[in-house]
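Colleague: Dropping a structure here in structure tokens format, bear with me for questions.
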Amino acid sequence: MSQPAPLMPKATAIWLVDNTGLTFDQIANFCKLHPLEVKAIADGDASTGIKGHDPIQSGQITREEIALGESNGAHVLRLAESKYRVPEKKRKGARYTPVSRRQDKPNAILWIVRNHPEIKDAQIIRLIGTTKHTIATVRDRSHWNSTSLTPQDPVTLGLCSQLELDMEVSKSAKHRPVVAESAGQTLLPAEETTHDSHDYSNTNKDEIDVAKVFAKLKGMGEQPDY
């Protein structure tokens, strides 16, 4: 496997031509240039306006490696191992899904819609790499294969990790409206609201003589004649 070119290969080649005794072939191989291009640099035909770059100072090659190349014209120069690990660039865009598993996406969408309706379409797209149109057709049952769809966990299908799913669920839970509950207040049963503490079942209507009551009231209202 061939090694990558150094940073600023042409500027590096200019510095090596001006400051070392390496051959054109060695410089060309190290900088991934054509030997004739290196010769043109040495002749001043291809280096106008370009400032040489010191690969030793930038840590791309050691002085010992250059000295070894100068003493042996057949030696192939090698880049020095970097002391720093460059972080992997974060992937952007839709998640790639193998062709063999793409047919499982509608099943995963159906599972999410049923089990986590709070998750938004943008989150589903991020989780399993689908489209908003596909999500809409699964929701309104207009998908071409709607009758055959079966809800399946996207984690089990290998479309996302459990950690990714949990994170999206957690994000959605933060925006879920909180239902206020009355502290200690509940509706009384119908039996209690319709119950009267006075029992009229044993009251005998015949015991109340309306005429006697009115006669007594009339007698009380008459004044004595002195």
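Colleague: Here are some residues: Ile50, Ile41. Which one is at pLDDT below 90, more than 12 Å from Leu77 (Cα to Cα) and crowded, with 18+ Cβ neighbours inside 10 Å?
Modeller: Criteria check complete, one pass: Ile41.
Colleague: So, in segment 53-73, of the ones that are over 12 Å from Leu16 (Cα atoms) and part of a loop (DSSP other than H, G, I, E, B), which residue ends up most open to solvent (accessible area, probe 1.4 Å)?
Modeller: Among those that are over 12 Å from Leu16 (Cα atoms) and part of a loop (DSSP other than H, G, I, E, B), it is Gln57.
Colleague: When only residues in segment 96-130 that are more than 21 Å from Ala173 (Cα to Cα) and at pLDDT 90 or above count, which is surrounded by the most Cβ atoms within 10 Å (Cβ to Cβ)?
Modeller: Pro106
Colleague: On to the next question. Mind listing whichever residues of segment 1-38 are over 48 Å from the mean Cα position of the chain (by Cα), open to solvent by less than 40 Å² (accessible area, probe 1.4 Å) and over 15 Å from His75 (Cα atoms)?
Modeller: Within segment 1-38, Val17, Val38 qualify.
Colleague: Same structure again: Which of the residues that make up segment 5-58 are under 21 Å from Glu81 (Cα atoms) and of a type in the set (D, E, K, R)?
Modeller: Hits for segment 5-58 are Lys10, Lys32, Asp54.
The values are calculated or read from the model by the stated rules, or taken from the named source; none is laboratory data. Just so you know, these numbers come straight off a predicted model, no measurement behind them. Virtual Cβ from ideal backbone geometry, glycine too; neighbours counted across all protein chains shown. Ligands, DNA and RNA are stripped out before the accessible areas are found, and what is left, the full protein with its side chains, is counted by its heavy atoms. Shrake-Rupley method; radii C 1.70, N 1.55, O 1.52, S 1.80 Å.
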